[in-house]
Amino acid sequence: MQPQNGSIWGNINLCIEIALNIYYIVGEHGEGIMIPKEHVAANFSEKTVSAGKESEGCLYYPKGETMDMPLYEMLQKRAAMARKVELAATAQMADIRGKEQGAFSALFEGIGPPTCSEPERKCIREGIYMTGGRDPMLAIHEKIAHFMSPYACEFGRNEDGYLYYTLQSAAIPLYDLKEVFPECREMVLSEESLCATICTHYPAYREEYNAVVPEEEQIPQISAPANLFLQEQLDRAQAAGEGMQEEIQEDMQIKMQGEERDEEDYGEQVDWYEH
């Protein structure tokens, strides 16, 4: 969740999530990186933890001072992920060359489902699931993640061999995978909303993606409603709209009942004056 209030640099003028729970902030009196303290403790070295300036449960790393420390460790992890992806891709290509027909699908045989309860989850394909419950998430197995960019992997919460994404952050892996797996392409109901979500909430991903692909393949700047590219998002929006309509109708009924009571009271007062 992006920070909404002020920072050690005053009111926030710009806030960009550059990786999961890692934010680049531009304030009134300075700029730098802000990370929730528990996230730093779990994912960074002790030196980086101790170098942060603590305020309201977050650690701040000012630009020109300590900002390079978390950035360096982020790039280390990204480079390690890139090497892991390269090795996996090389092995997969060798497997395809050796087996030819059916090898691509065979790469994902035997992938177990995520640990969420079975009645709630929905299988998109081997290694890709949509969890259920109040806050559904897109779950992508590590073998599928080999086809994603290291940047996209950084936004997933790693648990039991799966990367978990919120409905909003699912825009990033789906953009990577929609040209690889037709099932991911079918999940995206609105390409415009998918791009708008990336432009609005993940501009750093768009910048990195566009820097390494040809111009015709770049993510365009689109003005469209965000967070309406999945069926689950449309269902939520519809439910929210119906709930709002019910509230409006209830308010109107209460108002009409109040007006009727006022009219009855007025009639009683008129009768009393006539007597």
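The values are calculated or read from the model by the stated rules, or taken from the named source; none is laboratory data. Please read these numbers as outputs of a predicted model, since none were measured by experiment. Note that each Cβ is placed from the backbone with ideal geometry, even for glycine, and that neighbours are counted across all protein chains shown. The accessibility values were calculated without ligands, DNA or RNA, using every heavy atom of the protein model including side chains. Shrake-Rupley method; radii C 1.70, N 1.55, O 1.52, S 1.80 Å.
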Just add up the charged neighbours of residue 224: K/R +1, D/E -1, any other residue whose Cβ is under 13 Å from the Cβ of residue 224. -2
Keeping all protein chains in the complex and leaving out DNA, RNA and ligands, what accessible area do you get for residue 65 with a 1.4 Å probe, in Å² to the nearest 10? 120
Could you order 81, 148 by accessible surface area, starting with the largest, using a probe radius of 1.4 Å? 81, 148
Quick one: which residues, 5+ away or cross-chain, put their amide H under 5 Å from the amide H of residue 12? H built at 1.01 Å from N. 7
Heavy atoms of residue 66: accessible area, 1.4 Å probe, square angstrom to 10: 30
Relative contact order as a percentage, segment 119-189, C-alpha pairs under 8 Å and 6+ apart, gives 25
Long-range amide H partners of residue 63 with built H, under 5 Å: 31, 32, 33
Net +/- balance of residues flanking residue 184 in space, Cβ distance below 12 Å, scoring K and R +1, D and E -1: -1
Using a 1.4 angstrom probe and counting only protein chains, how large is the accessible area of residue 223 in Å², to 10? 120
Expected vector for segment 144-158, Karplus 3J(HN,Hα) from phi with 6.51, -1.76, 1.60 and θ = phi - 60°, integer Hz, x for Gly and Pro, equals 6, 5, 4, 8, 9, 6, x, 5, 5, 5, 5, 8, x, 8, 7
Determine, from the Cβ-Cβ distance of residue 79 and residue 42 and an R0 of 22 Å, the FRET efficiency 1/(1 + (r/R0)^6), rounded to the nearest 0.05. 0.65
Would you please give the residues with an amide H less than 5 Å from that of residue 124, counting only those at least 5 places away or on a separate chain, with H modeled from the backbone geometry? 129, 130
For residue 217 and residue 123, what is the calculated FRET efficiency with R₀ set at 35 Å and r taken between the beta-carbons, to the nearest 0.05? 0.75
Within-10-Å neighbourhood charge of residue 37 [Cβ basis; K, R +1; D, E -1]: -3
